[in-house]
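Inspection log for the structure reproduced underneath, given as structure tokens.
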Amino acid sequence: HAGRPLLLADNVVKRYGKFQALSGVSLSVQPNTVHSVIGPNGAGKTTLFHTLTGTVPLTSGAIHLDGRNISHLPDHARVQLGVARSFQVTSLFPSLTVRENLRLAAQGVAPRQAMRFWSGPLGRDAHGDLIGAIAERLGLLRVLDRTSSQLSHGQQRRLEVGLALAARPKVIFLDEPTSGMGIDDIDSMKAIIAGLRSDLTVVLIEHNMGIVMDISDTITVMHLGKVLVEGTPRAVRQDEAVRRAYLGNM
Ligand code: ATP
């Protein structure tokens, strides 16, 4: 496990005014792995995602992608370099089909935003192969021509992941992709995430410990803006400090 990391956070600090949400977080994400970030509410998981994807500027520290310092690049520049995050269901355009949603994402725009300036017919099948491959991978082939409002909740959540994949990322950030799901949808999402490893790298925030333990190669446990421990699921499960932070809930 000692190759060059795809993504490296080095001593990242994030302050909101006087409040320090991240107090020197370091993280090393190996390529073609599922790397989960867990921790109690308020631990700083979402803030860490924001700094890694460029949604919020960091206060100090550094972030490297493929050996390149991306600490001060805005989010759209990071997307160009292969950093993608899943959109929320609210970013799907309900009256557009799955195919059209994916096509817009492949063209580099979140559907909701695209609709502000787009008014004509959507471009022809420039991204047809990519869209077909993504739909197949996400189990959405049969519903490509349905509008996203006609999809089940599970299908909508998978389409969110699809929008991020349409940017052809090296690393994809998923923030609680299974929240609010029933058991069948959870199982298919788990299989999809595990399968992504063959082509890309996944960084995952997930509250469901069963899922985390099942599909992660590496887990970073956060607590109060710091990393408590980083390791394999087995090592994390056995860690005393982790057990204390979770009150033995693992
Ligand atoms: P959860 O599991 O509840 O989503 P989290 O681990 O993702 O929690 P964050 O959302 O990163 O935690 O929040 C970490 C801390 O930073 C919290 O105490 C939160 O109140 C604070 N925080 C987050 N965003 C801001 C902001 N924009 N301004 C001020 N404080 C913020």
Collect the residues in segment 39-57 that are of a type in the set (A, V, I, L, M) and at pLDDT 95 or above, keeping them in residue-number order.
48, 52
Given 164, 235, 191, which one is of a type in the set (A, V, I, L, M), open to solvent by 60 Å² or more (accessible area, probe 1.4 Å), assigned to a helix (DSSP H, G or I) and more than 15 Å from residue 45 (Cβ to Cβ)?
191
Does residue 87 fit the bill of being in contact with a Leu (Cβ under 6 Å, 6 or more places away or on another chain), among the aromatic types (Phe, Trp, Tyr) and at pLDDT below 95?
yes
Could you list, in sequence order, all residues of segment 17-39 that are in contact (Cβ under 8 Å) with a residue 12 or more places away in the chain and open to solvent by 40 Å² or more (accessible area, probe 1.4 Å)?
20, 26, 31, 32
Residue 51 fails exactly one of (1) within 14 Å of the ligand (Cβ to nearest atom); (2) under 30 Å from residue 149 (Cβ atoms), namely (2)
Could you run through segment 1-16 and say how many residues are open to solvent by less than 10 Å² (accessible area, probe 1.4 Å) and within 13 Å of the ligand (Cβ to nearest atom)?
1
Restricting attention to segment 181-218, the residues that are farther than 25 Å from residue 130 by Cβ and within 14 Å of the ligand (Cβ to nearest atom) number exactly 6
Is one or more of the residues making up segment 65-76 within 23 Å of residue 108 (Cα to Cα), more than 16 Å from the ligand (Cβ to nearest atom) and part of a helix (DSSP H, G or I)?
yes
For segment 77-100, indicate whether the set of residues that are among the acidic types (Asp, Glu), away from the ligand (no atom under 16 Å from the Cβ) and not in a loop (DSSP other than H, G, I, E, B) is non-empty.
yes
Here is a check on your reading of the model: is residue 3 more than 13 Å from the chain's Cα centre (by Cα) and assigned to a loop (DSSP other than H, G, I, E, B)?
yes
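The values are calculated or read from the model by the stated rules, or taken from the named source; none is laboratory data. For clarity, every value in this text was computed on a predicted model and none was experimentally measured. Virtual Cβ from ideal backbone geometry, glycine too; neighbours counted across all protein chains shown. With ligands, DNA and RNA removed, areas are computed over all heavy atoms of the protein, side chains included. Shrake-Rupley method; radii C 1.70, N 1.55, O 1.52, S 1.80 Å.
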